[in-house]
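The values are calculated or read from the model by the stated rules, or taken from the named source; none is laboratory data. Quick caveat, the model's predicted, so the values are computed rather than measured. Here the Cβ is made from the backbone with ideal geometry for all residues, glycine too, and neighbour counts use every protein chain on show.
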Amino acid sequence: MRPRVFVSRLLPGLSGHGVVLADPVDTDRIRDTLRQHGFAVAEASLPAQPPDPADVLSDTARQTSLREAQAEIARALRLPETAGRNLDALVDSLRDLALWWPHDERVALLLHGAGHLVDSDLPGWHTLTDILRSASDDLWRGGMPGDRVFETVALVERHGVPTLADEEVTP
């Protein structure tokens, strides 16, 4: 088992662990860096739905729900279908990531369009990031057999998320 590696360590300018925010303009650089450091990369795209016609306050807002995000994440990570419909099943399936990714000790989820969920369902965003962060922490027990390094890179436009600086990658 390789040591635990944090995405933020590989890409200076990103901070935190478990779920880190990045600007979509840096997607190719992030994907390439993760693959170079042994990560399997799963990619989920959160849909931006047309606005609800009954919502007279916002005729241009694009909506994304927690359930849509959950289903897309479960699909991208090759989790059981129930993980896309039930939050408890998502939590359980993430804890068992080694079953779904048996040959990959390092797994990263690139979450495209994460800002759609932030904009349309902020409580749902917090719920989802709590689940993903907890999975990241639960999957690493210090290098034991079956441990996985798992992190999510949420690609968010706006909201103060800076682009990466032109710095060297830290090994």
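Quick notes on this one:
- Contact map, the stretch 4-23: first residue on the phi < 0 side of the Ramachandran plot, second residue of a type in the set (Phe, Trp, Tyr) and at pLDDT 85 or above, Cβ cut-off under 7 Å, separation 6 or more or different chains; pairs are Arg4/Trp140; His17/Phe6.
- Candidate set from the stretch 14-35 (those that are closer than 12 Å to Pro162 by Cβ and part of a loop (DSSP other than H, G, I, E, B)); member that is modelled with the lowest pLDDT: Ser15
- Flag if Glu151 is touching a strand residue (DSSP E or B) at 6+ places or on another chain (Cβ under 6 Å) and either among the acidic types (Asp, Glu) or outside any strand (DSSP E or B) (or both): yes
- Which numbered condition Trp140 misses (of (1) part of a helix (DSSP H, G or I); (2) in contact with a strand residue (DSSP E or B) (Cβ under 9 Å, 6 or more places away or on another chain); (3) modelled with pLDDT under 95): (1)
- Out of Leu139, Leu111, Leu97, Leu117, sole residue that is under 22 Å from Arg29 (Cβ atoms) and surrounded by 18 or more Cβ atoms within 10 Å (Cβ to Cβ): Leu111
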